[in-house]
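K.L.:
Structure provided below as structure tokens; questions to follow.
The values are calculated or read from the model by the stated rules, or taken from the named source; none is laboratory data. Computed from a prediction, not measured in an experiment: that's the story for all the values here. Backbone-built Cβ (ideal geometry, glycine too); neighbour counts: all protein chains shown. To get the accessible areas, we keep the full protein, side chains included, count just its heavy atoms, and leave off ligands, DNA and RNA. Shrake-Rupley method; radii C 1.70, N 1.55, O 1.52, S 1.80 Å.
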Amino acid sequence: MSDTVDDVDMPYEDESASQQEKIETLQERLEVLESQNEEMRDKLLDANAENNKYQQKLERLTHENKKLKQSPLFVATVQELNGEGVVIKQHGNNQEALTEVTDEMREDLAPDDRVAVNNSLSVVKKLEKETDVRARVMQVEHSPDVTYADIGGIDEQMNEVRETVEMPLEQPEMFGEVGITPPSGVLLYGPPGTGKTMLAKAVANETNATFIKMAGSELVHKFIGEGAKLVRDLFEVARENEPAVIFIDEIDAIASKRTDSKTSGDAEVQRTMMQLLSEMDGFDERGEIRIIAATNRFDMLDEAILRPGRFDRLIEVPKPDAEGRKIIFEIHTRDMNVADDVDFGALAEMAEDASGADVKAVCTEAGMFAIRDDRTEVRMGDFREAYEKLSQVEESDVGDSIAFA
Ligand code: ATP
């Protein structure tokens, strides 16, 4: 620190000091004060920065504290409403409890309603009906209308799926006689729109099995135990509808590599996955149920789900090559009134990098061009225009599932 002002002598009272000397002394004092001021300002800035840092830390800690204090919600069912409050029964431990609710909430509640309760068993909100959740997340088709003939360009994958899924469903006794455990299921991975869902539906159709689809993302729920319960429900529905093919789309949503974060949301996803693994491991008692899972994010999957005995085959379903695209064009134009000038080989070459779903979109759009032109016959020009239109959409809308470019 520089000298203080007091270090500068003040010759005011000194009668002998000249005017000039007094001015110089004052000048000197001013300079000292200015430099002190500068120093203080620097310190203030440092202190402010420090303060900001602490403020941020405080906010972070307050947030974490709040998160830790925030109790998880549990699912319960309303048993009865009486003069004293609401009797609820917790899922999982089946314990009943009497709890009070606001008048507003009370009006909204009826016996058998599902509610979310917190740690102190207060009703936080009313939940959707279980059957509604099931209906929303589970798609059950007793006879899907997709056949193997509807799928083009992925013959090798189709054969593998047939071998792994169809045989155990159609001739389960063979496996017993040979003395091996039938494969439990397959995992299909590859870009979107390449026919993974179609494959699963076709197998179910061809084996007269019920097709039960559930999306992994739908299994990720906010409420503790909800995801695991839905997985149990899924297998129960399958058991009730044997033979059945369970198709779990977007399996990465519940079977991603474990992260280091330990939030209750992650724990819930973990629980859902553990339930799925345990259902898959209990294969012997599962009867005629096969599992087909699909993902676009193979790299994200947790090793636990890939362990032998869970998915016996990992099958990559890539985008079709030119020959495959030609076949897919032919499949999707089967019911269309196509003009003689349409060259599927040329179309397949043109639609480079298109997936099966993209090819289907081009065919539908080509039909639209014909309709706009008041024609019932679809020409080569319609296909070209459709392809151009859809590729442009893709260019201007990055992230769309159509991926021509
Ligand atoms: P996602 O990963 O997005 O779930 P997916 O691979 O399951 O996609 P599908 O739902 O099977 O794709 O395909 C979507 C539509 O695209 C199908 O209904 C079908 O019309 C068409 N399609 C995709 N692949 C093929 C194919 N190989 N042969 C014929 N049509 C196909």
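K.L.:
Just a yes or no: is a residue in region 161-169 exposed (fewer than 12 other Cβ atoms within 10 Å of the Cβ) and of a type in the set (Val, Ile, Thr)?
P.N.:
Looking through region 161-169, none of the residues is exposed (fewer than 12 other Cβ atoms within 10 Å of the Cβ) and of a type in the set (Val, Ile, Thr).
K.L.:
Give me the residue from region 316-344 that is among the aliphatic types (A, V, I, L, M) and within 12 Å of the ligand (Cβ to nearest atom) and, out of that set, surrounded by the most Cβ atoms within 10 Å (Cβ to Cβ).
P.N.:
Ile328
K.L.:
Of the residues that make up region 206-213, is at least one under 23 Å from Ile315 (Cβ atoms) and open to solvent by 60 Å² or more (accessible area, probe 1.4 Å)?
P.N.:
Start the filter on region 206-213 by keeping residues that are under 23 Å from Ile315 (Cβ atoms), which leaves 206-213.
Narrowing further to those that are open to solvent by 60 Å² or more (accessible area, probe 1.4 Å): 206, 208.
Taking every residue of region 206-213 in turn, at least one turns out to be under 23 Å from Ile315 (Cβ atoms) and open to solvent by 60 Å² or more (accessible area, probe 1.4 Å).
K.L.:
Would it be correct to say that Glu96 is open to solvent by 90 Å² or more (accessible area, probe 1.4 Å), assigned by TED's automatic domain parsing to the domain that holds Ala116 and at pLDDT 85 or above?
P.N.:
Yes, satisfied.
K.L.:
Turning to a different aspect of this structure: Out of Glu166, Glu218, report the one residue that is in the same structural domain as Thr272 (by TED's automatic domain parsing) and away from the ligand (no atom under 16 Å from the Cβ). Before you say what the answer is, go through the steps one by one.
P.N.:
On the way: Glu218 fails: away from the ligand (no atom under 16 Å from the Cβ).
Among Glu166, Glu218, only Glu166 is in the same structural domain as Thr272 (by TED's automatic domain parsing) and away from the ligand (no atom under 16 Å from the Cβ).
K.L.:
Can you confirm whether region 196-213 contains a residue that is within 21 Å of Glu279 (Cβ to Cβ), outside any helix (DSSP H, G or I), of a type in the set (S, T, N, Q) and within 16 Å of the ligand (Cβ to nearest atom)?
P.N.:
For region 196-213, residues within 21 Å of Glu279 (Cβ to Cβ), outside any helix (DSSP H, G or I), of a type in the set (S, T, N, Q) and within 16 Å of the ligand (Cβ to nearest atom): absent.
K.L.:
Quickly run through region 105-120 and pick out the residues that are surrounded by fewer than 16 Cβ atoms within 10 Å (Cβ to Cβ), in contact with a strand residue (DSSP E or B) (Cβ under 7 Å, 6 or more places away or on another chain) and closer than 19 Å to Asn93 by Cβ.
P.N.:
Selection gives Asp112, Asn118.
K.L.:
Collect the residues in region 178-190 that are open to solvent by 40 Å² or more (accessible area, probe 1.4 Å) and within 13 Å of the ligand (Cβ to nearest atom), keeping them in residue-number order.
P.N.:
Within region 178-190, just Tyr189 meets the criteria.
K.L.:
Condition first: open to solvent by 70 Å² or more (accessible area, probe 1.4 Å) and more than 8 Å from the ligand (Cβ to nearest atom). Now tell me which residues in region 354-371 satisfy that.
P.N.:
Correct list: Thr364, Met368, Ile371.
K.L.:
Would a scan of region 170-191 turn up a residue that is free of Cβ contacts under 8 Å to residues at least 24 places away in the same chain and of a type in the set (Gly, Ala, Ser)?
P.N.:
Yes.
K.L.:
Right, another one. Within region 43-62, is even one residue aliphatic (A, V, I, L, M), surrounded by 10 or more Cβ atoms within 10 Å (Cβ to Cβ) and either closer than 18 Å to Lys125 by Cβ or in contact (Cβ under 8 Å) with a residue 24 or more places away in the chain (or both)?
P.N.:
no
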